[in-house]
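Comments concern the structure below.
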Amino acid sequence: MAFNPYPSPESADDERRKRARLRRSEATSSDSSDAGEFTIFNVRHRVAAPTPHPLPMNTVWDDQCRSIDRELGAEALANEATRILTIEKVEGVVSVEIASRVPYIGTIGEMGQPTLLIVARWLDEGCSAIWERAVRRIKKSVDLKRLQNGNLSNIDIAVEIIAEEHKRPKYISPISAELLARGMDKDWARIKDKVADIMDSYPATAGHVTSIQLFRLGFSMVGFSMDDENPDTVYVSVDYECLETKWPPIVGEVQQFLRQITYANLKFHLEHNIIEQCTFPLLPFRRSPEELRVRQRQMNLVLKIPYQTRVDLGADISTSNYLSGSDGNLYSPVVGTLGCWLEVKTPTYPNGVTLALTNFHVVRSGYDGFPIFVNDKGLPRVGRPKEGSKLWKVDDKGINPSANAPMIEHPSRSKHNHGVHNRQIMVDRFGESPSAASVKKELDDIVAFFDNGRHVLGTVFCASGYKRRTANNGRLDWALVMPLDKARIGENKLPILEAWMEKYDPHSFHLVPNSPTFGGLLQEPT
């Protein structure tokens, strides 16, 4: 159920919206360092110096980051920030890194803000003061190092601590039929009008509301078994001219009103932006049907239908991005395999966390600097990473937990592209027959799976890189993936006999392992 009585941002003046989007947020206080005065921005879930752009933001590794890494050492800055965070008792730190923060909308060609970005868990309202103390101290330390170096006088390095909630994707789904039956069906118009009245009663939000909607909103993926964990939420979006520092009393009044709806546990969410659903982009095929059939057979690019929520041992995975080739075309990333699921204990997860094991070379394509060169026959080949790029760095040093980790998906988009293409050909061939209707249903289902974001498996947690070696000088090639939703965690179940027979022809059947492994589980954790 959704209601939008306000004009869409797309109908407003684009230039005015872009100026508002690029304007920085309002400062809440200020301080000074060896580099001079700097402003401070402190709101719930986010503290920064100087004042940042409104969310959402892109996090990238650009030439400014490379200069900072070369002159000061990105790792050294992160280590010093971590030391200060410990002293200031900032708990639940997830990652610390140098990155460039770029406004998400209307910013093609815009320069990002180099930032020492810290992602942490928001434990309670006391975090606000603790985070601000840490930001002030880290900013002064960074400014001193920058001035002492002498080569970075024209680059201001910001410091930002942001709650983990703002780095995770959110999902929406309809409210339940049960809630509608309890009275929400008839009461929503009244609730919506009251929320609109409250928003219009404050100068900070009057005239800035772009939508008022009701749906489930949370971090569990839409359509999965855990979707019902997402709370019923009254969602309000505002334009980028609306100052976030003025929101607390407005949020408080709306929440107080919603608590009066006794039959519903309604949450309230206010943010810049509008949740949108976009179709997943598919790549055009530049090969003949016969070439595609050969490629699918040789590269094992056939997917089983229907797509599954659970991702088991042996499933295909890839990074969740397309790659730009030297010919200007887009290409799918490397397809790899989920080796197994592991239980890992770390200082951040002392009770253990379930992670997926795969190869480092599978996740490399998610980092800036992964080159695709196309030869004179039109065949793409992977080249050496650009020196100084993010990929160059992770090849050398490996990957630590990071806020800017690449997304990993299953099914892989390479197989998905082939699956959609094959079924579209079958639908066209079958015409109006019952077979066409059946294939069309399969096609609609797999397209919706990707359009709804259900293909996203998780993010890269850590990886070996290529420089580290074993005691016998063997090269390491491993990566761990953090699932975004527990519903995607599968079993460590080995293939059944039929799966092996499907993979190998009779002349290669000697490659099939011993029968006791068929359908068996890997050894239980000790």
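Checking each residue in the range 421-464 for being surrounded by fewer than 16 Cβ atoms within 10 Å (Cβ to Cβ), assigned to a helix (DSSP H, G or I) and either among the hydroxyl-bearing types (Ser, Thr, Tyr) or in contact with a Gly (Cβ under 8 Å, 6 or more places away or on another chain) (or both) picks out Ser435, Ser438. When Ile68 is tested against the conditions (1) over 24 Å from the mean Cα position of the chain (by Cα); (2) surrounded by fewer than 18 Cβ atoms within 10 Å (Cβ to Cβ), the lone failure is (2).
Step by step: first the residues of the range 377-405, then only those that are among the hydrophobic types (A, V, I, L, M, F, W, C) and in a loop (DSSP other than H, G, I, E, B), then the one that is surrounded by the most Cβ atoms within 10 Å (Cβ to Cβ). Which residue is that? Show your work before the answer.
First, pick out the residues of the range 377-405 that are among the hydrophobic types (A, V, I, L, M, F, W, C): 379, 382, 391-392, 394, 399, 403, 405.
Keeping just the survivors that are in a loop (DSSP other than H, G, I, E, B) gives 379, 403, 405.
Details: Leu379: 8, Ala403: 19, Ala405: 24.
Among them, the one singled out is Ala405.
Only one of the listed residues (Thr210, Thr205, Thr233) is in contact with a Cys (Cβ under 8 Å, 6 or more places away or on another chain) and either crowded, with 19+ Cβ neighbours inside 10 Å or at pLDDT below 90 (or both). That residue is Thr205.
Inside the range 9-84, counting only strands (runs of 3 or more DSSP E) that do not spill past its ends, which hold 3 or more residues that are modelled with pLDDT of 80 or more, touching a strand residue (DSSP E or B) at 6+ places or on another chain (Cβ under 8 Å) and not β-branched (Val, Ile, Thr)? Walk me through how you get there before you give the answer.
Numbers: elements: 29-33, 36-43, 46-49, 57-60.
In the range 9-84, the matching strands (runs of 3 or more DSSP E) lie at 29-33, 36-43, 46-49.
Are there any pairs with C-beta distances below 9 angstrom linking a residue in the range 289-311 that is within 16 Å of Gly453 (Cα to Cα) to a residue that is surrounded by 11 or more Cβ atoms within 10 Å (Cβ to Cβ) and among the polar types (S, T, N, Q), with the two at least 6 apart or on different chains, and if so which? That search, which allows pairs on different chains as well, returns Thr309/Ser225. Of the numbered criteria (1) in contact with a strand residue (DSSP E or B) (Cβ under 7 Å, 6 or more places away or on another chain); (2) crowded, with 20+ Cβ neighbours inside 10 Å; (3) in contact (Cβ under 8 Å) with a residue 60 or more places away in the chain, the one Phe370 fails is (3). Applying a threshold of 9 Å to beta carbon distances and a minimum spacing of six or more residues, or different chains, the list of pairs starting in the range 389-402 at a residue that is of a type in the set (Gly, Ala, Ser) and ending at one that is part of a helix (DSSP H, G or I) and surrounded by 18 or more Cβ atoms within 10 Å (Cβ to Cβ) reads Ser389/Arg66; Gly398/Phe360.
Inspect all residues belonging to the range 130-147 and state whether any of them is more than 29 Å from Glu71 (Cα to Cα) and more than 24 Å from the chain's Cα centre (by Cα). Scanning the range 130-147, I find at least one residue that is more than 29 Å from Glu71 (Cα to Cα) and more than 24 Å from the chain's Cα centre (by Cα), so the answer is yes. Does at least one position in the range 406-420 carry a residue that is over 19 Å from the mean Cα position of the chain (by Cα) and either aliphatic (A, V, I, L, M) or assigned to a loop (DSSP other than H, G, I, E, B) (or both)? Looking for residues that are over 19 Å from the mean Cα position of the chain (by Cα) and either aliphatic (A, V, I, L, M) or assigned to a loop (DSSP other than H, G, I, E, B) (or both), one finds at least one in the range 406-420, hence yes.
Scanning the range 65-85 for residues that are basic (Lys, Arg) and in contact (Cβ under 8 Å) with a residue 60 or more places away in the chain gives Arg66, Arg70.
Table: residues versus (1) crowded, with 16+ Cβ neighbours inside 10 Å; (2) modelled with pLDDT of 85 or more; (3) among the aromatic types (Phe, Trp, Tyr).
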{"residue": "Trp478", "(1), (2), (3)": "yes, yes, yes"}
{"residue": "Val481", "(1), (2), (3)": "yes, yes, no"}
{"residue": "Gly490", "(1), (2), (3)": "yes, yes, no"}
{"residue": "Glu498", "(1), (2), (3)": "no, no, no"}
{"residue": "Pro506", "(1), (2), (3)": "no, no, no"}
{"residue": "Pro516", "(1), (2), (3)": "no, no, no"}
{"residue": "Gly520", "(1), (2), (3)": "no, no, no"}
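The values are calculated or read from the model by the stated rules, or taken from the named source; none is laboratory data. Because the structure is a prediction, the values reported are computed rather than measured. Methodologically, a virtual Cβ is constructed for each residue, glycine included, from the backbone with ideal geometry; neighbour enumeration extends over all protein chains shown.
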